[in-house]
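S.K.: To start, I am sharing the structure in question, which I have written as structure tokens.
The values are calculated or read from the model by the stated rules, or taken from the named source; none is laboratory data. The shown structure was predicted, so the numbers you read here are calculated from the model rather than taken from an experiment. Positions of Cβ are generated from backbone atoms using ideal geometry, with glycine treated the same way; all protein chains shown enter the neighbour counts.
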């Protein structure tokens, strides 16, 4: 049985050393926030709040939070290649953020120094691939990080519904050749991710090594370049977001009606298992993956 097609109560008990409980937010860094915002709105995200002191906007749909970081003093914004948006951070919900951060640093992770200003939360983080950051958040229920650091946008629904039942399925990370074992060990030892057997696949992108989060709520895909092709100079980085959908065809129909274009070719086209949006702004693409409620 597909472990993510079963109810979460049916999942086998997994070691969860940091108390993972899903993804709190995913962040894009970009010097062109309006252009990226238009793409996100096509995908169903809505701007709901602005950061109190930084050029950061919170987008949301359903249970998914997505930040657009255009703050000029942020090195990740200025380093975005060719001005293209870059996936620059993922925040994990954990049992105790300070303790999770301390345990990762003890295991060899590189700490991200805090730069919180007055009246801002200090969210602990470590460095991830390609200069991105992994944050740890334990305020995500009655009281959230957005209650402190963000101002709601007036007259806007702060909880817009998800289109076609979309949620975060996971992320895809591009890595260098022959680095799958090294990165698998990193995610296993730092966070407790578990490799998925190669015969178990999701969506329509078959390449790579799949890891399941210790909470069983999302996946992580590691993709190496093809060793038979010309050397790939793409740096290791997070490359795309996977969105889970209970009915991929229904989700594709809804998104197409909004103007979203999907990849169509002999080898790659929307089907029951998944679909891939065409790349916009040089780097932004989403992968739809079938997932039960």
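For every residue, the table says whether it meets (1) part of a loop (DSSP other than H, G, I, E, B); (2) surrounded by fewer than 16 Cβ atoms within 10 Å (Cβ to Cβ); (3) in contact (Cβ under 8 Å) with a residue 24 or more places away in the chain.
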{"site": "186", "(1), (2), (3)": "no, no, no"}
{"site": "211", "(1), (2), (3)": "no, no, yes"}
{"site": "216", "(1), (2), (3)": "yes, no, yes"}
{"site": "221", "(1), (2), (3)": "no, no, yes"}
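S.K.: Kindly list the number of the only condition in (1) on the phi > 0 side of the Ramachandran plot; (2) modelled with pLDDT of 95 or more; (3) outside the structural domain of residue 285 (by TED's automatic domain parsing) that fails for residue 170.
M.R.: Every listed condition holds for residue 170 apart from (3).
S.K.: Yes or no: segment 269-285 includes at least one residue that is over 22 Å from the mean Cα position of the chain (by Cα), under 21 Å from residue 219 (Cα atoms) and either at pLDDT below 95 or crowded, with 20+ Cβ neighbours inside 10 Å (or both). Write out each step before concluding.
M.R.: In the first step, residues of segment 269-285 are kept if they are over 22 Å from the mean Cα position of the chain (by Cα); the result is 269, 271-272.
Okay, now just the ones that are also under 21 Å from residue 219 (Cα atoms), so 271-272.
Applying the additional criterion that residues be either at pLDDT below 95 or crowded, with 20+ Cβ neighbours inside 10 Å (or both) yields 271-272.
Yes, there is a match, as at least one residue in segment 269-285 is over 22 Å from the mean Cα position of the chain (by Cα), under 21 Å from residue 219 (Cα atoms) and either at pLDDT below 95 or crowded, with 20+ Cβ neighbours inside 10 Å (or both).
S.K.: Here is a list: 133, 107, 151, 95. Which entry is more than 30 Å from residue 274 (Cα to Cα) and in contact with a helix residue (DSSP H, G or I) (Cβ under 9 Å, 6 or more places away or on another chain)?
M.R.: Values: 133 fails: more than 30 Å from residue 274 (Cα to Cα); 151 fails: in contact with a helix residue (DSSP H, G or I) (Cβ under 9 Å, 6 or more places away or on another chain); 95 fails: in contact with a helix residue (DSSP H, G or I) (Cβ under 9 Å, 6 or more places away or on another chain).
Checking each option against the conditions leaves just 107.
S.K.: Then there's this: Which residues, taken from segment 44-65, are assigned to a loop (DSSP other than H, G, I, E, B) and crowded, with 22+ Cβ neighbours inside 10 Å?
M.R.: Step one: of segment 44-65, the residues assigned to a loop (DSSP other than H, G, I, E, B) are 44-45, 52-55, 62-63.
Once the filter is applied, which keeps residues that are assigned to a loop (DSSP other than H, G, I, E, B) and crowded, with 22+ Cβ neighbours inside 10 Å, segment 44-65 yields 44, 45.
S.K.: Name the residues in segment 22-42 that are crowded, with 21+ Cβ neighbours inside 10 Å, over 14 Å from the mean Cα position of the chain (by Cα) and either not assigned by TED's automatic domain parsing to the domain that holds residue 135 or not in a helix (DSSP H, G or I) (or both), would you?
M.R.: The one that is crowded, with 21+ Cβ neighbours inside 10 Å, over 14 Å from the mean Cα position of the chain (by Cα) and either not assigned by TED's automatic domain parsing to the domain that holds residue 135 or not in a helix (DSSP H, G or I) (or both): 30.
S.K.: So which strands (runs of 3 or more DSSP E) stay within segment 98-183 end to end and still have 2 or more residues that are over 20 Å from the mean Cα position of the chain (by Cα)? Walk me through how you get there before you give the answer.
M.R.: Details: elements: 125-127, 133-137, 150-152, 167-174.
In segment 98-183, the matching strands (runs of 3 or more DSSP E) lie at 150-152.
S.K.: May I pose another question? With the requirement that a residue be touching a strand residue (DSSP E or B) at 6+ places or on another chain (Cβ under 6 Å), in contact (Cβ under 8 Å) with a residue 24 or more places away in the chain and closer than 24 Å to residue 236 by Cβ, what does segment 95-128 give you?
M.R.: Across segment 95-128, the qualifying residues are 100, 101, 104, 109, 123, 124, 125, 126, 128.
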